[in-house]
């Protein structure tokens with residue numbers, strides 16, 4: 001999960017940096033917005049639950065990944081444009097991973113002694129899991145003055161995060177490995193097969209308009 005977390009961080013950072021690059025921002029803006037996309041959701045989560053120091057201050061690998069992704073995207077935009085499908089799939093894997101990590105961290109921090117699901121724990125953990133997954137992209141778009149892609153009509157980014165978080169929360173009480181596998185599969189299937197922006201649907205049409213994550 002740690003490796004997937006860093007992989008998701010890389011994908012989110014590339015997505016945010018690429019969008020900033022397409023808006024003709026300078027290198028500092030590209031790196032900053034890439035980092036915001038990658039760690040913004042986790043920052044919201046940790047601040048809400050009072051988990052400090054923030055995760056990327058305890059493990060500098062997250063910031064290093066953001067920096068490398070931002071620099072690479074700024075200097076080699078054509079490379080990432082040609083490999084859009086690959087990084088978009090990695091972005092979906094990142095979403096699936098972030099959702100699971102958000103639910104897990106929130107549950108372990110707030111409900112350590114709970115052995116069965118209840119409505120308060122479920123609502124809190126599912127919400128924080130979703131926030132971990134989509135918060136960075138929403139913050140990035142808000143800073144850039146755009147309508148958040150995750151909230152636009154036709155996007156199932158939030159609903160994918162919701163079902164991934166919900167399945168993981170309830171299944172983790174029975175078997176943690178099963179919860180991880182089912183949650184990731186559900187999120188990926190919803191993102192890639194049922195989204196109008198999925199790499200298996202209308203890829204060429206979407207690519208001609210604008211690359212969004």
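Taking the stretch 187-198 as the search range and keeping residues that are farther than 15 Å from residue 102 by Cβ and either more than 17 Å from the chain's Cα centre (by Cα) or part of a helix (DSSP H, G or I) (or both), which one is modelled with the lowest pLDDT? Within the stretch 187-198, the match that is modelled with the lowest pLDDT is 196. The sole residue among 56, 84, 62 that is within 30 Å of residue 123 (Cα to Cα), at pLDDT below 95 and touching a helix residue (DSSP H, G or I) at 6+ places or on another chain (Cβ under 7 Å) is 56.
Close Cβ contacts (under 6 Å, 6 or more residues apart or on different chains) running from residues in the stretch 69-85 that are closer than 16 Å to residue 26 by Cα to residues that are modelled with pLDDT under 75 and assigned to a helix (DSSP H, G or I) comprise 73/80.
Residues in the stretch 153-186 that are farther than 18 Å from residue 135 by Cβ, assigned to a loop (DSSP other than H, G, I, E, B) and free of Cβ contacts under 8 Å to residues at least 60 places away in the same chain: 153, 154, 173, 174, 175. In the set 120, 90, 105, 126, only one residue is assigned to a helix (DSSP H, G or I), surrounded by 15 or more Cβ atoms within 10 Å (Cβ to Cβ) and out of contact with any helix residue (DSSP H, G or I) (no Cβ under 6 Å at 6 or more places or on another chain); that residue is 105.
The residue of the stretch 62-83 that is surrounded by the most Cβ atoms within 10 Å (Cβ to Cβ), among those that are more than 14 Å from residue 13 (Cα to Cα) and under 20 Å from the mean Cα position of the chain (by Cα), is 81.
Condition check for residue 2 on (1) closer than 22 Å to residue 93 by Cβ; (2) touching a helix residue (DSSP H, G or I) at 6+ places or on another chain (Cβ under 8 Å); (3) surrounded by fewer than 24 Cβ atoms within 10 Å (Cβ to Cβ): one failure, at (2). For residue 157, the conditions (1) closer than 25 Å to residue 15 by Cα; (2) crowded, with 16+ Cβ neighbours inside 10 Å; (3) at pLDDT below 95; (4) over 13 Å from the mean Cα position of the chain (by Cα) are fulfilled apart from (4).
Residue by residue, here is whether (1) free of Cβ contacts under 8 Å to residues at least 24 places away in the same chain; (2) assigned to a helix (DSSP H, G or I); (3) out of contact with any strand residue (DSSP E or B) (no Cβ under 6 Å at 6 or more places or on another chain) holds:
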residue	(1), (2), (3)
25	yes, no, yes
28	yes, yes, yes
31	no, yes, yes
35	no, yes, yes
38	no, yes, yes
42	no, yes, yes
45	no, yes, yes
53	yes, no, yes
63	no, yes, yes
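The values are calculated or read from the model by the stated rules, or taken from the named source; none is laboratory data. None of the values given here were measured: they were computed from a predicted structure. Backbone-built Cβ (ideal geometry, glycine too); neighbour counts: all protein chains shown.
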